[in-house]
Amino acid sequence: MPFTGKDAMRSLWSFRWPRRAIVLGTWAVAGVAGGLASAAPPSPDESELLGLGFKVMVAETDVQRQWVKNLTPGGINAMQRTGKKLYIYPDAAKDRIFIGGPKEYDAYLQRHPDTTTPGAQEAANRAYRAKQDDAMRSATARDLSDPFLGASWNDFIW
């Protein structure tokens, strides 16, 4: 016996609402959890950076603008240029960077002691590279231990 229009609407209505409620509830929980998880430390205030001695450099070429946009946003990036340690805060919206040395960055850290230092990331990078170097050394030693270096007996027959 086929459904009449009234019965079909009633069954669709009763079937869709629980599913919609589950979907909406899931989105709400995910939104709240995502909001809590993404609570990052606040970005540095531009006037504060200027007060600490950071200098402003404006990107003038397309290459410079692209470089500024590729920097990690919302934090201070450590870099080394011509043997000098530099700390850079990008402002991609205005195509500029705030740049300071170790003295300015130390002053910033004194005002914000909860900020993670780039040195911790550098130490993690060094540890990762050391692990990769050890793996490469062992693979090289394994390859060099083969006296024929991959050659077969057929290669030695004239």
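No value in this document is a laboratory result; all are computed from the given coordinates. None of the values given here were measured: they were computed from a predicted structure. We place every Cβ from the backbone using ideal geometry, glycine too, and count neighbours over all the protein chains shown.
A straight chain from residue 57 to residue 131 at 0.36 nm per residue would run longer than the Cα-Cα distance by 22.9 nm. Taking θ as phi - 60° and the Karplus parameters 6.51, -1.76 and 1.60, the scalar couplings of segment 95-112 work out to 6, 8, 10, 9, 10, x, x, x, 5, 5, 5, 4, 5, 5, 5, 5, 7, 10 Hz in sequence order, x denoting glycine and proline. The H on the amide N of residue 71, modeled in the peptide plane, is under 5 Å from the matching H of no residue at least 5 residues off or on a different chain.
If you place +1 on the Cβ of every Lys and Arg and -1 on the Cβ of every Asp and Glu, how big does the dipole about the Cα centre of segment 46-111 come out, in debye to the nearest 20? Write down the numbers at each step before the final one.
On the way: 10 positive and 8 negative charges, 43 e Å.
For this selection, approximately 200 debye.
Over all distinct Cα pairs, what is the inverse of the mean 1/r for segment 46-111, reported as the Kirkwood hydrodynamic radius in Å?
Values: mean 1/r = 0.0831 Å⁻¹.
Evaluated over segment 46-111, this radius sits at 12.0 Å.
Of the cross-linked pairs 85/131; 55/103; 69/131; 55/85, which ones have a Cα-Cα span greater than 22 Å in the structure shown? Can you show the working numbers first?
On the way: 85/131 26 Å; 55/103 13 Å; 69/131 31 Å; 55/85 14 Å.
Flagged as over cut-off: 85/131; 69/131.
Coupling constants for segment 123-134 follow from the phi torsions by the Karplus curve (6.51 cos²θ - 1.76 cosθ + 1.60, θ = phi - 60°), and in residue order they are 5, 5, 5, 4, 5, 5, 5, 5, 5, 5, 5, 4 Hz; glycine and proline get x.
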